[in-house]
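Structure first, then comments.
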Amino acid sequence: MLSTELSSVYQSFCDGAGVLGNIFAFGLYLSPLSTFNRIIRNRSTEQFSGMPYIYGLLNCLICCWYGMPIVKNGIILVATVNSVGTVFQLVYLCIFISYAERALKMKMLALLIAVFVLFVSIVVVSLSLFDYNGRQLFVGYLSIASLIFMYGSPLIVINLVIKTKSVEFMPFNLSFATFLVSFSFTAYGVFKMDPFLYMPNGIGTMLALVQLVLYCRYKNPSEEDAVEEEEEPLLATHP
């Protein structure tokens, strides 16, 4: 009886971590809205880069596939959060491509096609060449690579903050949301005893924590009055 109760509590904490991760991720996906409001308002992509959304789309597709029961059973919350992320990244890319200059538009369209070709290739290879256990390892390692790459991208911003002693290009909301999402899915991965979840998200948690510490260290009171003028982040990271 006690064992059953403990198992029920354990499962509740596990599901809670996954649900919280989904909720926090939704807020993270909304973070570039002001950037795209600016793009639509000015009818130009200006100096903004569309590459973070290409990376984000590929990451969401791979992690969504990893969360499918045919690849890894019991982690459907990973599939749900990344399916939502896929939709957001596609919408952002469609807007970006619509307002990009012709040369950039063609480049982004080619990259978008390449992402889907690569993802379809991953799906076909994982289904045709691997059994269930092998499929988990193959897609799992790909998801680790994509997540670490995504979480590692802020290292450039961290370096910039240290050099300039300014957090102008590292908004607090993005860093805090990234910390909440990565921490939630680290806990979810630990509960599920899945290293393909807790390893990359653990790294993401530490990197987000570094950003928060730097924000507290270099934040100037005068910047709080100019929050609306700060450039918004280009990318929302997720597990």
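The values are calculated or read from the model by the stated rules, or taken from the named source; none is laboratory data. Since we're looking at a predicted model, the values are computed, not measured. When we count neighbours, we look across all protein chains shown, and the Cβ atoms used for this are built from the backbone with ideal geometry, even at glycine. What goes into the accessible areas is simple: the full protein's heavy atoms, side chains included, and nothing from ligands, DNA or RNA. Shrake-Rupley method; radii C 1.70, N 1.55, O 1.52, S 1.80 Å.
If I filter segment 179-198 for residues that are under 16 Å from Tyr55 (Cα atoms) and in contact with a helix residue (DSSP H, G or I) (Cβ under 8 Å, 6 or more places away or on another chain), do I get at least one hit?
The first filter runs over segment 179-198 and keeps only residues under 16 Å from Tyr55 (Cα atoms), leaving none.
Checking segment 179-198: not a single residue is under 16 Å from Tyr55 (Cα atoms) and in contact with a helix residue (DSSP H, G or I) (Cβ under 8 Å, 6 or more places away or on another chain).
Against the conditions (1) among the aliphatic types (A, V, I, L, M); (2) farther than 30 Å from Leu209 by Cβ; (3) open to solvent by 70 Å² or more (accessible area, probe 1.4 Å); (4) within 21 Å of the chain's Cα centre (by Cα), where does Val190 fall short? Just the number, please.
Failed condition: (2).
Could you check, for segment 115-134, whether at least one of its residues is open to solvent by 80 Å² or more (accessible area, probe 1.4 Å), more than 23 Å from Gly21 (Cβ to Cβ) and touching a Pro at 6+ places or on another chain (Cβ under 9 Å)?
No: segment 115-134 contains no residue that is open to solvent by 80 Å² or more (accessible area, probe 1.4 Å), more than 23 Å from Gly21 (Cβ to Cβ) and touching a Pro at 6+ places or on another chain (Cβ under 9 Å).
Take the residues of segment 29-49 that are part of a helix (DSSP H, G or I) and modelled with pLDDT under 85: which is surrounded by the most Cβ atoms within 10 Å (Cβ to Cβ)? First the steps, then the outcome.
Restricting attention to segment 29-49, the residues satisfying the condition of being part of a helix (DSSP H, G or I) are 29, 33-42.
Those left that are additionally modelled with pLDDT under 85: 34-35.
On the way: Ser34: 15, Thr35: 20.
Top of the filtered list is Thr35.
Being under 27 Å from Asp194 (Cβ atoms) and either open to solvent by 70 Å² or more (accessible area, probe 1.4 Å) or modelled with pLDDT under 95 (or both): is that true of Ile162 here? Talk me through it step by step, then tell me what you get.
Working: under 27 Å from Asp194 (Cβ atoms): no; either open to solvent by 70 Å² or more (accessible area, probe 1.4 Å) or modelled with pLDDT under 95 (or both): yes.
The answer is no for Ile162.
Between a first residue in segment 126-137 that is touching a residue at least 60 places away in the same chain (Cβ under 8 Å) and among the small types (Gly, Ala, Ser) and a second residue that is open to solvent by less than 90 Å² (accessible area, probe 1.4 Å) and not in a helix (DSSP H, G or I), which pairs have beta carbons less than 8 Å apart while being 6 or more apart in sequence or on different chains?
Note: pairs meeting the criteria are Ser126/Val71.
Report yes if some residue within segment 52-59 is at negative phi, modelled with pLDDT under 90 and among the hydroxyl-bearing types (Ser, Thr, Tyr); otherwise report no.
So far as segment 52-59 goes, yes, one or more of its residues are at negative phi, modelled with pLDDT under 90 and among the hydroxyl-bearing types (Ser, Thr, Tyr).
What are the pairs with Cβ atoms under 7 angstrom where one residue, in segment 25-44, is farther than 18 Å from Asn59 by Cβ and the other, located anywhere, is at pLDDT below 90? Sequence gap at least six, or different chains.
Every condition considered, the pairs that remain are Ser34/Glu232; Thr35/Phe48; Thr35/Glu232; Thr35/Leu234; Ile39/Thr45; Ile39/Phe48.
Quick check: anything in segment 53-65 crowded, with 23+ Cβ neighbours inside 10 Å and of a type in the set (S, T, N, Q)?
So far as segment 53-65 goes, yes, one or more of its residues are crowded, with 23+ Cβ neighbours inside 10 Å and of a type in the set (S, T, N, Q).
Counting only residues that are touching a residue at least 40 places away in the same chain (Cβ under 8 Å) and either outside any helix (DSSP H, G or I) or of a type outside the set (Val, Ile, Thr) (or both), how many does segment 52-88 have? Spell out the reasoning first.
Filtering segment 52-88 down to residues touching a residue at least 40 places away in the same chain (Cβ under 8 Å) leaves 52-63, 65-66, 70-72, 74-75, 77-78, 80-82, 84-85, 88.
Subsequent filtering for residues that are either outside any helix (DSSP H, G or I) or of a type outside the set (Val, Ile, Thr) (or both) retains 52-53, 55-61, 63, 65-66, 70-72, 74-75, 77, 82, 85, 88.
Within segment 52-88, residues that are touching a residue at least 40 places away in the same chain (Cβ under 8 Å) and either outside any helix (DSSP H, G or I) or of a type outside the set (Val, Ile, Thr) (or both) number 21.
Which residue, of Val120, Val19, Val91, Val115, is among the β-branched types (Val, Ile, Thr), in a helix (DSSP H, G or I), free of Cβ contacts under 8 Å to residues at least 60 places away in the same chain and farther than 26 Å from Ser175 by Cα? Write out each step before concluding.
Values: Val19 fails: farther than 26 Å from Ser175 by Cα; Val91 fails: farther than 26 Å from Ser175 by Cα; Val115 fails: free of Cβ contacts under 8 Å to residues at least 60 places away in the same chain.
Answer to the selection: Val120.
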